[in-house]
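The structure under discussion appears below in the form of structure tokens.
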Amino acid sequence: MSQLVLPLRLSDHAVFGSFLSTGNETLVALLGDLAHGADGPGCWLWGPVATGKTHLLQAVCAGVGDRSVYVPLAQFTAASPELLDGLASRDLVCLDDLSNVAGDAAWENALFDLCNQILDADGYLVVADAMSPRECPIALADLKSRLLRLPTFHVHPLAEAERVAALQLRAMHRGLDLPDDTASYLISRSRRDMASLYELLDKLDLEALRAQRRLTIPFVRSVLHGN
């Protein structure tokens, strides 16, 4: 993926194949279609923290490749909105955490220009935030109106059993075997949001490789307790 003025890269594991779509099948299908060149302006996806919004934005970028760009706006609140200049030349622009710059006149004007350029050129605009477009505190009425035209999807969090399946899917994508009992043990003894669980799985992957061990409950317990 091409770079902005600041170094950005997609997560190696943020692909559709490692995302459990249960409860969000329609959204995942739409993003998959966009990645394969289907017609449509894009969409706005919203929901609680750690429900996979960033994962999905990066997955659709990975599907489109170099003609896409992922912009985590929360990282650029102190930067000039000029960093958006030229992004409309991409087929797909993904804006993450848009509410972080909402209410800032310079950012809103730059976003309005970008949205117009993308949509008028039949490009794709995908926005993610914790808020829906109606709730997002955008002051510029024209920008709000533009964004309200995007199809909106609420990203639903996973239930307990689905968290186990999601963790196992991510493990399988990494070439790991994560038995049901080990996955349940992990979920019961760590923070329950998926971002924290995936971070823990990354650590276990490294430790298992180093120790040449399988992800059994005794091994996981020893890693969690530093034994």
Hydrodynamic radius by Kirkwood for segment 125-209, inverse mean 1/r across distinct Cα pairs, in Å, is 15.4 Å
Taking a crude spin-label model, label points 7 Å out from Cα along the C-beta direction, the Asp202 to Ala38 distance in nm is 3.0 nm
Over all viewing directions the Cα convex hull of the chain casts an average projected area in nm² of 12.8 nm²
Computed over the Cα atoms of segment 160-224, the Rg and Dmax in Å are 10.4, 30
Bounding extents of segment 79-183 in its principal axis frame from Cα atoms, largest first in Å, are 52, 28, 27
So the angle from the long Cα axis of helix 194-211 to the longest Cα principal axis of the chain, reported in degrees to the nearest 10, equals 50 degrees
Relative contact order as a percentage, segment 69-184, C-alpha pairs under 8 Å and 6+ apart, gives 22 percent
Percent relative contact order for the chain, counting Cα pairs under 8 Å at least six residues apart, stands at 23 percent
So the angle from the long Cα axis of helix 160-173 to the longest Cα principal axis of the chain, reported in degrees to the nearest 10, equals 90 degrees
Its Cα gyration tensor gives segment 1-126 an equivalent ellipsoid whose semi-axes in whole Å, largest first, are 22, 16, 14
Ordering 172-181, 142-151 by per-residue average of other C-beta atoms within 10 angstrom, highest first, gives 142-151, 172-181
Longest principal axis of the chain (C-alpha) makes with the long axis of helix 105-120 (C-alpha) an angle, in degrees to the nearest 10, of 90 degrees
Counting only residues 5 or more apart in sequence or on a different chain, those whose built amide H sits under 5 Å from that of Val127 are Cys43, Trp44, Leu45, Leu95
Under the Karplus relation with 6.51, -1.76 and 1.60 and θ = phi - 60°, whole-Hz ³J(HN,Hα) for segment 53-70, x at Gly and Pro, equal 5, 5, 4, 5, 4, 5, 5, 5, 5, 4, x, 7, x, 5, 8, 10, 8, 10
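We did not get these values from a lab; they are worked out from the coordinates using the rules stated. The structure presented is a predicted model; accordingly, all values stated were derived computationally and were not measured. FYI the Cβ positions are ideal-geometry reconstructions off the backbone, even for glycines, and counts take in every protein chain you see.
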